[in-house]
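Peer 1: A single structure is presented below for examination.
The values are calculated or read from the model by the stated rules, or taken from the named source; none is laboratory data. None of the values given here were measured: they were computed from a predicted structure. Cβ placement follows ideal geometry from the backbone for every residue including glycine, while neighbour counts extend to all protein chains displayed.
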Amino acid sequence: MSKALLKVENLSVHYKVSGGHRKQVLKAVTDATFELHPGETLGVVGETGCGKSSLGKAILQLIPAANGRIIWQGQDLCTLSPAQMKPYRKDLQLVFQDPISSLNPRMTVGEIIGEPLRVHSPQLSSTQRSAAMAEMMERVGLLPEMARRYPNEFSGGQCQRISIARAMILNPSVIICDEPVSALDVSIQAQICNLLRALQRETGVSMVFISHDLSIIRYMCHRVLVMYLGRMMEIGAGKTFFSQPRHPYSRALIKAVPTVDFDNPSAYLDNVIEGEIPSPLNPPSGCVFRTRCAHATPQCVQTRPELEPADDGTLIACHRWRTLP
Ligand code: SF4
């Protein structure tokens, strides 16, 4: 495998929350460790509250890390001040979940897409900026003459194209896509996914693709990271993950993907993951998935499983993955 572009080492993200009379610490991400390689898409999956978005924001230093390191070009981003971080932002960009609310309604599309150029490439003349913007708009499927219009004149899919143009105009090495299609109609989702894949082919950009939709993850991602209550459960190649998921939570997620069975329309109800996600303010002892796992043993209550490598390089955090039926 090629040399890592970005390394995340033991990254933890904590939030202070007020609960009654006392302040509590919500551990959104604990000990995340993985690498991102040039030109690859790493999918991050898990149910709501598993820490996916916090992980993405922490990588970009939009929220502080409680512990750990994010190594980019030999530099630990966690040690940088906002001013020191600025030159690195050119290479690390974000595409948001809700394209409409992520665009400033008072700015024209041209101003939105051109803003990163004004901040990071001030040496460009306005003619050069306009040319770069027009080219970028065409690459994402927008007409250059749309630059004078405002976001509220566009559909959700078009707004996401504007968002992607803004993220890509600096030719970044990494984009974090935080549920980039979940707010869009199903028919538009495929268009945006295809656009991201085309841009990756053209530019070699690496992506961290956060989603709860496993069908989209399967289509988009080379590798998959599964998170539960802020912890890594499994990480490995996408093909292996979908054909041979090892962790009980990965298996349950894949089994729970709704499929259309016309003979038995309620069949998917047999495959729901039982139980509620525990509060991240009070996670279970031992394995955090044990309260919903059909294979839990007393060892799972007492001891937290570490990530263990399988022969193919997949890492799995489960005491029993080698012996499960
Ligand atoms: S460690 Fe135990 S509780 Fe956790 S996933 Fe494995 S079998 Fe289930």
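Peer 1: Kindly evaluate residue 75 against the criterion of being polar (S, T, N, Q) and surrounded by fewer than 18 Cβ atoms within 10 Å (Cβ to Cβ).
Peer 2: Answer is yes for this residue.
Peer 1: Are any of the residues in region 253-276 modelled with pLDDT under 95, buried (at least 22 other Cβ atoms within 10 Å of the Cβ) and within 16 Å of the ligand (Cβ to nearest atom)?
Peer 2: For region 253-276, residues modelled with pLDDT under 95, buried (at least 22 other Cβ atoms within 10 Å of the Cβ) and within 16 Å of the ligand (Cβ to nearest atom): present.
Peer 1: Within region 304-323, work out how many residues are surrounded by 13 or more Cβ atoms within 10 Å (Cβ to Cβ) and either near the ligand (Cβ under 10 Å from one of its atoms) or over 18 Å from residue 242 (Cα atoms) (or both).
Peer 2: Summing the residues that are surrounded by 13 or more Cβ atoms within 10 Å (Cβ to Cβ) and either near the ligand (Cβ under 10 Å from one of its atoms) or over 18 Å from residue 242 (Cα atoms) (or both) in region 304-323 gives 10.
Peer 1: Please indicate, with yes or no, whether at least one residue in region 204-222 is of a type outside the set (A, V, I, L, M, F, W, C), modelled with pLDDT of 95 or more and more than 17 Å from residue 44 (Cβ to Cβ).
Peer 2: Checked against the condition, which is being of a type outside the set (A, V, I, L, M, F, W, C), modelled with pLDDT of 95 or more and more than 17 Å from residue 44 (Cβ to Cβ), region 204-222 yields at least one hit.
Peer 1: Need a quick list: helices (runs of 4 or more DSSP H) entirely within region 148-255 having at least 2 residues that are assigned by TED's automatic domain parsing to the domain that holds residue 111 and touching a residue at least 12 places away in the same chain (Cβ under 8 Å).
Peer 2: Values: elements: 156-168, 186-203, 214-220, 238-243, 248-255.
Because the criterion is at least 2 residues that are assigned by TED's automatic domain parsing to the domain that holds residue 111 and touching a residue at least 12 places away in the same chain (Cβ under 8 Å), the helices (runs of 4 or more DSSP H) in region 148-255 that meet it are 156-168.
Listed here are the residues, each with its yes/no results for (1) assigned to a loop (DSSP other than H, G, I, E, B); (2) in contact (Cβ under 8 Å) with a residue 24 or more places away in the chain; (3) surrounded by 15 or more Cβ atoms within 10 Å (Cβ to Cβ).
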{"residue": "83", "(1), (2), (3)": "no, no, no"}
{"residue": "101", "(1), (2), (3)": "yes, no, no"}
{"residue": "107", "(1), (2), (3)": "yes, yes, no"}
{"residue": "130", "(1), (2), (3)": "no, no, yes"}
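Condition check ((1) in contact (Cβ under 8 Å) with a residue 60 or more places away in the chain; (2) not in a strand (DSSP E or B)) across all residues:
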residue: 14; (1), (2): no, no
residue: 18; (1), (2): no, no
residue: 23; (1), (2): no, no
residue: 28; (1), (2): yes, no
residue: 32; (1), (2): yes, no
residue: 38; (1), (2): yes, yes
residue: 44; (1), (2): yes, no
residue: 49; (1), (2): yes, yes
residue: 56; (1), (2): yes, yes
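Peer 1: Out of all the residues in region 280-295, which are away from the ligand (no atom under 14 Å from the Cβ) and either surrounded by 12 or more Cβ atoms within 10 Å (Cβ to Cβ) or under 20 Å from residue 256 (Cα atoms) (or both)? Full working, then the answer.
Peer 2: So in region 280-295, the residues away from the ligand (no atom under 14 Å from the Cβ) come out as 280-282.
Selection gives 280, 281.
Peer 1: Being assigned to a loop (DSSP other than H, G, I, E, B) and over 26 Å from the mean Cα position of the chain (by Cα) is the filter here, so list the residues in region 132-147 that pass it.
Peer 2: Answer for region 132-147, where residues must be assigned to a loop (DSSP other than H, G, I, E, B) and over 26 Å from the mean Cα position of the chain (by Cα): just 143.
Peer 1: Is region 36-48 home to any residue that is surrounded by fewer than 18 Cβ atoms within 10 Å (Cβ to Cβ) and among the β-branched types (Val, Ile, Thr)?
Peer 2: The answer is yes; a qualifying residue exists.
Peer 1: What is the residue count in region 236-252 for residues that are more than 16 Å from the ligand (Cβ to nearest atom), within 14 Å of residue 214 (Cβ to Cβ) and among the small types (Gly, Ala, Ser)?
Peer 2: The qualifying residues number 2.
Peer 1: Something else: In this structure, is residue 298 assigned by TED's automatic domain parsing to the domain that holds residue 46 and away from the ligand (no atom under 12 Å from the Cβ)?
Peer 2: The answer is no for residue 298.
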